[in-house]
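Written out below as structure tokens is the structure these notes cover.
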Amino acid sequence: MFLFPWHPAGCPALVGLLLCGLATTTWAAPDDPPLSLSAAQTLALTQQPLLQALDAERRALGNTAIAARQLPDPQLMTAVSGLPANGDDAGRLDRERMSQLSLALQQTFPGAGKRQARGHQADAEAAVRAAQHDATAREIRQAVALDWLALWRAQRQRALTAAHRATADTQVESAAIAVRSGGDGSQAQLLAARVEAGRQQDQQAAGDQAVAQARRALGRWIGDAADRPIGDALPPLPTVLPLEQARARLATHPQLRALRAVQAMRGAEADLARADYRPDWRAELGVGYRPAFSELVTLRVGVDLPVFTARRQDRRLAAALAGGDAAQARVADLHRRLSAALALAHDEATRLAARLNHYDTTLLADGEARVAAALAGWQAGRDELDGVLSARRDLLDLRLARLALQHDHAARLIELESLGATRAPDARNPTP
């Protein structure tokens, strides 16, 4: 209970509290370092199984490409031929001139172009995995940044609400003193102050719930590290490039590079399909051992006969070419979608920055001036406490609206950064 007269003119401590604004409240443990945005992104990238899988697949395909360029392993074959099966000579190699124990070495010789095409295909698949790795890493960075930003907003909103609740509780105390002292205060004013304090209590509970939900969402990427406190200020955010310059940089976007790598892989498949028109050769060298006669030497040469190309090679080549057309169309479609997303995010970031400036230069100043005027009128006994409550509530709404704009503006900058439409932030100019 405050031990001062109920009227504001007689309680400068109360007036000072009402005029102090919505202070920031932090819940950081003294020994727990704040979790910065960059630290959260680093943790997510170093602990992401999907990135590890893509990198392992890239290494596997690189080794596959080396193996694909090599000749097949030779084959060693042995046989017994011309061996008598019955009679007195059954099972003997020295009775018949055709009986022999043979040993042969066979080697297949695929065309050099075919082996190179298979190697190029595996190299192209490895390039696809590498590009997918980069694209996935950028997507994870963006997702972590947005989740971190959502947690920052929830925490700041809870701090604003908590500060306003402290002011509302003070107003309840003041109204209660006024009623008990028999002054100009009324029961209606006391009830209005209690309703406002209860409303702020519920908003604070909603803020606690939002913070918990945001931490769980961030924990999907970084685990228990999401329970660490985060700072009250946003980190320096990147500067937006002019729209035309940003559009020119879209060509290097990892998602486009990934699709172009797929297009190159389809081209390698087409080269392999063309190489299938050229036949493979094989050679066999054998020696036949005959105990009672001279040894025999055998040399065989074979070649594939691609005589049914209409149903095999032609179909494979057509399929590979169609896959290349599909990959090219996907590249064009993705470029169109990224360009549209870039234009939208660029326009929204510009408009949100202008709206933020309007809040900072006009609306918040007017809201604070209104609170001061309402307090002055209440101090002088000209106005009711309802005017103070209304002014304070509207000022909180303005600050929460400004916080929402700040969050949305930062989210658009993060999206533009993911699109390659920004340059590195200037650490000397932190985000307001």
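The values are calculated or read from the model by the stated rules, or taken from the named source; none is laboratory data. Note that this is a predicted model, so its numbers are computed, not measured. Cβ atoms come from the backbone with ideal geometry, glycine included; neighbour counts cover every protein chain shown. With ligands, DNA and RNA removed, areas are computed over all heavy atoms of the protein, side chains included. Shrake-Rupley method; radii C 1.70, N 1.55, O 1.52, S 1.80 Å.
Among the hydroxyl-bearing types (S, T, Y) and either closer than 30 Å to E139 by Cα or open to solvent by 70 Å² or more (accessible area, probe 1.4 Å) (or both) - does that describe any residue in the range 102-115? The answer is no; no qualifying residue exists. Taking the conditions (1) closer than 19 Å to R153 by Cα; (2) surrounded by fewer than 18 Cβ atoms within 10 Å (Cβ to Cβ) in turn, A226 satisfies each one other than (2).
Residues of the range 351-385 that are surrounded by fewer than 17 Cβ atoms within 10 Å (Cβ to Cβ), modelled with pLDDT under 80 and hydrophobic (A, V, I, L, M, F, W, C): A380 alone.
Cβ-Cβ distances below 8 Å connect the following pairs, each with a first residue in the range 373-385 that is touching a residue at least 24 places away in the same chain (Cβ under 8 Å), a second residue that is open to solvent by 60 Å² or more (accessible area, probe 1.4 Å), and a separation of six or more residues or different chains: L375/L19; W378/E384; Q379/A9; A380/A9; G381/D184. Sub-7 Å Cβ pairs linking a first residue in the range 105-118 that is in a loop (DSSP other than H, G, I, E, B) to a second residue that is basic (K, R) and open to solvent by 50 Å² or more (accessible area, probe 1.4 Å), at least 6 apart or interchain, are G111/R278, ordered by first then second residue. Does at least one position in the range 386-393 carry a residue that is surrounded by 21 or more Cβ atoms within 10 Å (Cβ to Cβ), modelled with pLDDT under 80 and either out of contact with any strand residue (DSSP E or B) (no Cβ under 8 Å at 6 or more places or on another chain) or not hydroxyl-bearing (S, T, Y) (or both)? Within the range 386-393, one or more residues are surrounded by 21 or more Cβ atoms within 10 Å (Cβ to Cβ), modelled with pLDDT under 80 and either out of contact with any strand residue (DSSP E or B) (no Cβ under 8 Å at 6 or more places or on another chain) or not hydroxyl-bearing (S, T, Y) (or both). Residues in the range 60-92 that are out of contact with any strand residue (DSSP E or B) (no Cβ under 9 Å at 6 or more places or on another chain) and part of a strand (DSSP E or B): none. Of all residues in the range 232-247, which are more than 22 Å from the chain's Cα centre (by Cα) and modelled with pLDDT under 90? Residues satisfying the conditions are D232, A233. Between G207, G198, G219, the distinction of being modelled with pLDDT under 85, out of contact with any Leu (no Cβ under 6 Å at 6 or more places or on another chain) and either open to solvent by 20 Å² or more (accessible area, probe 1.4 Å) or not in a helix (DSSP H, G or I) (or both) belongs to G198 only. Restricting R290, R312, R282 to those that are open to solvent by 90 Å² or more (accessible area, probe 1.4 Å) and either modelled with pLDDT under 90 or more than 30 Å from L342 (Cβ to Cβ) (or both) reduces the list to R312.
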